[in-house]
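Read the structure below first, then the notes.
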Amino acid sequence: MEIVVRPLTKSDWNSVSKIYKEGINTGIATFETEVPNWQQWDAKYVSVCRFVALVKTTVVGFTVISPVSKRHVYKGVAEVSVYISNAFKGKHIGETLLKKLIEESEASGFWTLQASIFSENIASINLHVKCGFRVIGIREKIGQLNGKWYDNHFLERRSSKID
């Protein structure tokens, strides 16, 4: 199966929003409960380092980064989001996307990528570790979803290319 990775554009929003909704529905991908509209979503994420993965002509996953702070000193630190269509999980699409994101984020001047992942989301934690992230710690009861408190594993990857 050939996986093609290319920049995410507004024309991908229909597919991306469906994949995001699948993530919401798992209950362990995000604390969000509704898919935002394109304008809200677009404003949340950094304009560079947005990618989709395609199998044939179908968008099967995406990755984006969001700033961790508006302060200038943190301009090179971003939080990673990776979502894969349920029908394509376990096919190395997340790894392909995350490796591309790491490469492009370093080229764009990002020196640290971080991820907050539900502790129950073992596959995502393992994916990030496989791609060079390390577990910094566990944030206990960091957020509530549908009346239940959840812990998040907090991971980071520091670029070896940027001093």
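Some points to look at:
- One residue stands out in segment 122-159 among those that are more than 24 Å from E104 (Cβ to Cβ) and of a type in the set (S, T, N, Q): the one that is least open to solvent (accessible area, probe 1.4 Å), namely N152.
- Taking the criterion of being under 18 Å from the mean Cα position of the chain (by Cα) and in a loop (DSSP other than H, G, I, E, B), the residues of segment 118-159 that qualify are S119, E120, N121, C131, G132, F133, S159.
- Taking (1) within 27 Å of G143 (Cβ to Cβ); (2) touching a helix residue (DSSP H, G or I) at 6+ places or on another chain (Cβ under 8 Å); (3) without any contact (Cβ under 8 Å) to a residue 60 or more places away in the chain; (4) small (G, A, S) in turn, S85 satisfies each apart from (3).
- Flag: I162 matches the condition of being in a loop (DSSP other than H, G, I, E, B), among the aliphatic types (A, V, I, L, M) and open to solvent by 30 Å² or more (accessible area, probe 1.4 Å).
- Candidate set: segment 24-60, residues that are out of contact with any helix residue (DSSP H, G or I) (no Cβ under 6 Å at 6 or more places or on another chain) and among the small types (G, A, S); chosen: the one nearest to N152 (Cα to Cα): G27
- Looking only at segment 45-68, and only at residues there that are within 23 Å of I125 (Cα to Cα) and of a type outside the set (A, V, I, L, M, F, W, C), the one that is surrounded by the fewest Cβ atoms within 10 Å (Cβ to Cβ): S66
The values are calculated or read from the model by the stated rules, or taken from the named source; none is laboratory data. Predicted model only: the values in this text are computed from it and were never measured. Methodologically, a virtual Cβ is constructed for each residue, glycine included, from the backbone with ideal geometry; neighbour enumeration extends over all protein chains shown. Ligands, DNA and RNA are excluded from the accessible area calculation, which covers all protein heavy atoms including side chains. Shrake-Rupley method; radii C 1.70, N 1.55, O 1.52, S 1.80 Å.
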